[in-house]
1. For segment 261-289, name all the residues that are among the hydrophobic types (A, V, I, L, M, F, W, C), assigned to a loop (DSSP other than H, G, I, E, B) and open to solvent by 20 Å² or more (accessible area, probe 1.4 Å).
2. Out of everything in segment 73-98 that is small (Gly, Ala, Ser) and modelled with pLDDT of 95 or more, what residue ends up being nearest to ALA264 (Cα to Cα)?
3. Can you work out which of the residues in segment 77-126 that are assigned to a helix (DSSP H, G or I), open to solvent by 10 Å² or more (accessible area, probe 1.4 Å) and of a type outside the set (Lys, Arg) is nearest to MET286 (Cα to Cα)?
4. Quick one: how many residues across segment 149-173 are open to solvent by 10 Å² or more (accessible area, probe 1.4 Å) and not basic (Lys, Arg)?
5. What number of residues within segment 195-254 satisfy the criterion of being within 20 Å of GLU148 (Cβ to Cβ), open to solvent by less than 10 Å² (accessible area, probe 1.4 Å), free of Cβ contacts under 8 Å to residues at least 60 places away in the same chain and outside any loop (DSSP other than H, G, I, E, B)?
6. Tell me, please, whether a residue that is of a type in the set (Ser, Thr, Tyr) and open to solvent by less than 10 Å² (accessible area, probe 1.4 Å) can be found in segment 59-70.
7. Being touching a residue at least 24 places away in the same chain (Cβ under 8 Å) and assigned to a loop (DSSP other than H, G, I, E, B) is the filter here; which residues of segment 290-304 pass it?
8. Kindly evaluate GLY181 against the criterion of being surrounded by fewer than 24 Cβ atoms within 10 Å (Cβ to Cβ), assigned to a loop (DSSP other than H, G, I, E, B), at positive phi and more than 16 Å from the chain's Cα centre (by Cα).
Amino acid sequence: MRRILFSLMAAAAVFSFSAASAADQTLTVYTYESFTSEWGPGAKVAEAFEKTCACKVDYVSVADGVELLTRLKLEGASSKADIVLGLDTNLITEAKATGYFAPHGLDGSAAKVPGGFSDDVFVPYDYAHFAVIYDTETVKNPPKSLKELVEGDPNEKIVIEDPRTSTPGLGLLLWVKSVYGNEAAAAWAKLKGRVLTVTPGWSEAYGLFTKGEAPMVFSYTTSPAYHVIAENTERYQAAAFSEGHYIQIEVAGMTKSAHDPELAKSFLAFMTGPDFQSIIPTTNWMMPVAAGKEPLPDAFSKLVSPKKTFLMSPDEVAANRKAWIDEWLSAMSQN
């Protein structure tokens, strides 16, 4: 009896230790600040995942996606990140070259994006086309093409993001390059007159726009859905461009230094599941890559739907990003 009682006590002790250990697990997720903002998806995503893992999700956020990669490079192998969430496909070749990311080993067929995307390291979790968002009370004739934006009234200003720190800023750089090619520098020199300011990240740019500092901002085709659903207004609209729109596909990956690789992998798998995907549309205001628990709100059926999608290969972006940014800096610094 004593032996049985001891065994039961030992088993109970082991169970208690295991439960405590599981509860003490922390998944550290590096991401961008709008994801962890008061209105962003971060808190809801953490709450939903923690119900599945007996763990705690801890976010570390920086201003925007390109800055996220920069921070990871600075920290190197000593980074505390288990998951890096908020890069996009334009950056994945450069991210892989750091040697800090590990293959996820997951079946990626659940995630669907325009044009398709499959990768052994990064998992897509949302997407949207970039767009110029304008205030209908101020801009009566919005640009209908990138050419009209570049050559339009310099008194109607736009706020854009810095391609050195921001994924939307990099997206605009690649969009201009896709349309203008070798004439991109001349296009930037013309557009410069319409640019009110260049911000480090998307949050600052959109904040200036909603405060009325400028009638246009570089954002996403999905941005008007926020104003319709959260503010019950159709005042802010996306301008449909005849040449087509550049797309952003946001991704996440697990690091080689992840403290618990299986926990990190389970988070990546969770991202394409219905709990995560249900949170994205009305918090991150992007399109889901897989089915959620409920159909998308009606406001999403009224968004601009580009007829043509631009997207450069990750290798092409990696090979040319520095040169194209230098070209942008030179054009934007001209008097």
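The values are calculated or read from the model by the stated rules, or taken from the named source; none is laboratory data. Note that this is a predicted model, so its numbers are computed, not measured. Cβ atoms come from the backbone with ideal geometry, glycine included; neighbour counts cover every protein chain shown. For accessibility, only protein heavy atoms count, side chains too; no ligands or nucleic acids. Shrake-Rupley method; radii C 1.70, N 1.55, O 1.52, S 1.80 Å.
1. Matches in segment 261-289: TRP285 only.
2. ALA81
3. Filtering first and then ranking leaves ALA110.
4. Qualifying residue count, segment 149-173: 8.
5. Looking only at that region, the number is 0.
6. no
7. ALA290, PRO297, LEU303, VAL304
8. So GLY181 does not fit the description; no.
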